[in-house]
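Have a look at the structure below before the remarks.
The values are calculated or read from the model by the stated rules, or taken from the named source; none is laboratory data. Computed from a predicted structure; not experimentally measured. Note that we place each Cβ from the backbone using ideal geometry, even for glycine, and neighbour counts take in every protein chain shown. Protein only, heavy atoms only, side chains kept; ligands, DNA and RNA dropped before computing areas. Shrake-Rupley method; radii C 1.70, N 1.55, O 1.52, S 1.80 Å.
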Amino acid sequence: MCGICGFVGSGNETTLLQMREKMVHRGPDNAGIYFQIKDRIGLGHRRLSIIDLSDLGRQPMQSSSGETVIAYNGEVYNYHEIKKELIKNGIKFRSNTDTEVVLEAIEYWGVEAINKFNGMFAIAIWNKIKKELVLIRDRLGIKPLYYSINQFGIVFASEIK
């Protein structure tokens, strides 16, 4: 289990840290944030290390191009096959995590990449160039992802609290 949270719109780094720490029980192994005040975006992550226990699996994670940032909770069971396909297309990997494969796949194929994923997941992916946040949940909703849209923006998390 991991936990993701974040916002686009109003919010600050303190709020993001408070959101993330409300989910410490979802990921006691590590924690991280991505916060850009000029874009009014914040992504938070609590990590339960399962695949690739090294620091290379820390999140939020930036793509090799630096264009995309992901906060991810879940597991894509067929990530090895997807990784092989991406390597054939010239993508280089730094880690052995399914997170990096999910990130690079979405950057390479677009959001349609999720049609290749066999697993359970909740994903928040920020495109720094397009200034676009995409929230994705597995088809069965196994991994929770709650969100709210109001006049101040959008806020989301793995838990309502």
Can you report the number of residues in region 135-158 which are under 21 Å from residue 105 (Cα atoms) and open to solvent by less than 40 Å² (accessible area, probe 1.4 Å)? 5
Would you confirm whether or not region 107-119 contains a residue that is open to solvent by 50 Å² or more (accessible area, probe 1.4 Å), at pLDDT 95 or above and not in a helix (DSSP H, G or I)? yes
Those residues of region 1-29 which are among the hydrophobic types (A, V, I, L, M, F, W, C) and either in a strand (DSSP E or B) or closer than 24 Å to residue 128 by Cβ (or both), in sequence order: 2, 4, 5, 7, 8, 16, 17, 19
Checking residue 81 against (1) crowded, with 16+ Cβ neighbours inside 10 Å; (2) at negative phi, which test does it fail? (1)
Single match in 91, 70 (criterion: of a type outside the set (Asp, Glu) and more than 18 Å from residue 124 (Cβ to Cβ)): 91
Tabulated pairs, region 30-47, first in contact (Cβ under 8 Å) with a residue 24 or more places away in the chain and outside any loop (DSSP other than H, G, I, E, B), second acidic (Asp, Glu) and open to solvent by 50 Å² or more (accessible area, probe 1.4 Å), C-beta under 9 angstrom, 6+ apart or interchain: 30/55; 33/13; 42/13; 44/21; 46/21; 46/29; 47/29
Can you spot a residue in region 23-37 that is open to solvent by 70 Å² or more (accessible area, probe 1.4 Å) and under 20 Å from residue 160 (Cβ atoms)? yes
Would you mind stating whether residue 130 is out of contact with any Ser or Thr (no Cβ under 9 Å at 6 or more places or on another chain) and assigned to a loop (DSSP other than H, G, I, E, B)? yes
Looking at region 57-75, can you tell me whether even one residue there is open to solvent by less than 90 Å² (accessible area, probe 1.4 Å), part of a helix (DSSP H, G or I) and over 22 Å from residue 5 (Cβ atoms)? no
Among (1) open to solvent by 30 Å² or more (accessible area, probe 1.4 Å); (2) in a strand (DSSP E or B); (3) in contact with a Leu (Cβ under 6 Å, 6 or more places away or on another chain), the one test that residue 94 misses: (2)
